[in-house]
1. Ignoring ligands, DNA and RNA, what percent of the accessible area of the chain is carbon or sulfur (1.4 Å)?
2. What does the accessible area per residue of the range 5-254 come to in Å², with a 1.4 Å probe and no ligands, DNA or RNA counted?
3. So if each residue of separation counts as 0.36 nm, and I subtract the Cα-Cα distance between residue 29 and residue 427, what length gain in nm does that give?
4. Summing -39500 (n - 2.57) over the DSSP H runs of n ≥ 4 in the chain and dividing by its residue number, what mean residue ellipticity at 222 nm do you reach, to the nearest 500 deg cm²/dmol?
5. As I understand it, the dipole of the range 275-485 uses +1 on the Cβ of Lys and Arg and -1 on the Cβ of Asp and Glu, about the Cα centre. Which of 304, 365, 335 lies farthest toward its positive end?
6. Where both residues lie in the chain, what percent of DSSP beta bridges are antiparallel, nearest 5?
7. How large is the charge dipole for the range 275-485, taken about the Cα centre, if only the Cβ atoms of Lys, Arg (+1) and Asp, Glu (-1) carry charge, to the nearest 20 debye?
8. Could you name the lysines in cross-link range of residue 358, using Cα to Cα under 29 Å and dropping any fewer than eight places away on the same chain?
Amino acid sequence: MKKTKSTIAFGDFQTPLPLAKQVVNFIDKKSLNFEVIIEPNCGLGNFVKAILSTNKNYKKIIGWDINKDYIKFLKQDTSKYSQVKIDRQDFFSLNWDLLNCQLQKPSLFIGNPPWVTNTELAKLNSKNTPDKSNFYHYQGLDAITGKSNFDISESMLIKILNFISGGKSAMAFLIKTSVARKLYAYICKNELAISEVSIHKIDAWKYFQVNVSACLFFAQGNSCHIKNLLCPVYNSLNETIPNHNIGFINQKLIANITMYKKLIDIDQGCEFKWRSGIKHDCNKVMEFELREGNLKNGFDDLVNLENTYIYPMYKSSDIAKNTLILPRKYLLVTQKKIGDNTANISILAPKTWIYLQKYAYLLDSRKSSIYKSAPQFAIFGVGEYTFKPFKIAISGLYKNLHFTKVGCFNNKPIVLDDTCYMLSFDYEYQADFVLSLLSSEITQNFLKSLVFEDNKRFITASLLNRINLKAIAFHLGKEKEYNECFKKEKIVQYSLF
Ligand SMILES: C[S@@+](CC[C@H](N)C(=O)[O-])C[C@H]1O[C@@H](n2cnc3c(N)ncnc32)[C@H](O)[C@@H]1O
């Protein structure tokens, strides 16, 4: 389908009839006896057609869409079916109380809501959004997304979830898997009366030519809330045995609850603090490559700077590799810790100061607000830990769980950029020991039990800061080595969560 501005604003990806039929067939197998079927974003109506093709005797089949041309077309196309009622309706102006009075029968909400986020809509200047105050008030600002960006389908389906909660109605929608997880989290957080929820993966590329993890999300209303409700994930619509179960513990989603429960003792918080590398937001000025013994900046200018503030550097692309090569990049590290006075550079390294002055117009106009009240030429993500001789690092950009030991180069500690996370150590034996713990199958399984691999960036500092190294050592029978290794350290023992 050609992606016009309107296609994007209305998240308009019409479901092919064969997929709509597969979904309807999947629901039929559940033998749930619905009397009314509602497709709240019916579009050209392939779900309505798939439902009609089952020859089941539904009392009413309702289709709504905001697009008047679709409604006109579908009305004509289904005019011979007296049980079908197609109307133009903006989902966000639906009167849910009225609908509740009108629908006293078990109903099934089905379909494929718009695939678009509020941020994408804002770029298009589209008004196709829920009343934000209502949506947020409902959930608490970051109760679900954790961010102000949300999928329009998420806000629509939360309305439907609340509607079916406590009754006999159900819902089945084709959505992004990431949205399905947020809906499951919403059910758990808000203790909705839902008895069954499941995710069934579909091939979004095959059916919609979009490269995103997508699924059929199913939820069934119930008379009361079910504690510890799990969300089984099936690899396809035909699969009858789930690949794994998602869980919700301590207000957090768990990707694989069975694996997680075996390793739950590791989830006690890390004794050391995982930090991200240096943030400077001015690659062309602050980063250098070596050319014939000289530093070359991002403008291809060869510069002659004192060694004082120059450090070898790795980026995510270096850290993610299985074999670490010698550093090819260097970074101008203007501070030893956040807030340090940078004016000293003029005395300690005059050539570096002149260089910084030359590019002050770029450094002073860095967009992030963190630089506004900071000293001129300030950087972030810097502290004592930056200059420790040994680090265990992982890339936050790449989708692998590969940890690497980083040491010194030419008598200087190697620093990392802000796409990497690290633990820093004074002694190499400590870094080696921690690397052995983090590279173990136990840690890899623990992390896999927490991360959703289809998330864009699944390695985060908060994820890493959950890993208790002593617990891993315990699993591996290395508790004695652990105690020996860190006998001089003041270990902070976090309590569970
Ligand atoms: C992903 S398409 C799916 C259409 C149809 N359900 C199907 O599966 O083929 C999303 C549909 O939602 C409709 N839509 C977008 N915003 C809407 C709104 N606020 N109210 C009702 N329908 C809306 C679009 O016009 C589009 O037809």
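1. C and S fraction of accessible area: 50 percent.
2. Details: 11670 Å² over 250 residues.
Heavy-atom SASA per residue in the range 5-254 reads 47 Å².
3. Difference between extended and current length: 137.1 nm.
4. Numbers: 21 runs with 156 residues, N = 497.
About -8000 deg cm²/dmol.
5. About the Cα centre, the residue reaching furthest to the positive side is 365.
6. 70 percent
7. The dipole of the range 275-485 has a size of about 380 debye.
8. Residue 358 reaches 279, 284, 296, 315, 329, 336, 337, 367, 372, 412.
The values are calculated or read from the model by the stated rules, or taken from the named source; none is laboratory data. The structure presented is a predicted model; accordingly, all values stated were derived computationally and were not measured. With ideal geometry, Cβ positions are generated from the backbone for all residues, glycine too; neighbour counts draw on all protein chains shown. Areas reflect the complete protein model, heavy atoms only, side chains present, ligands, DNA and RNA absent. Shrake-Rupley method; radii C 1.70, N 1.55, O 1.52, S 1.80 Å.
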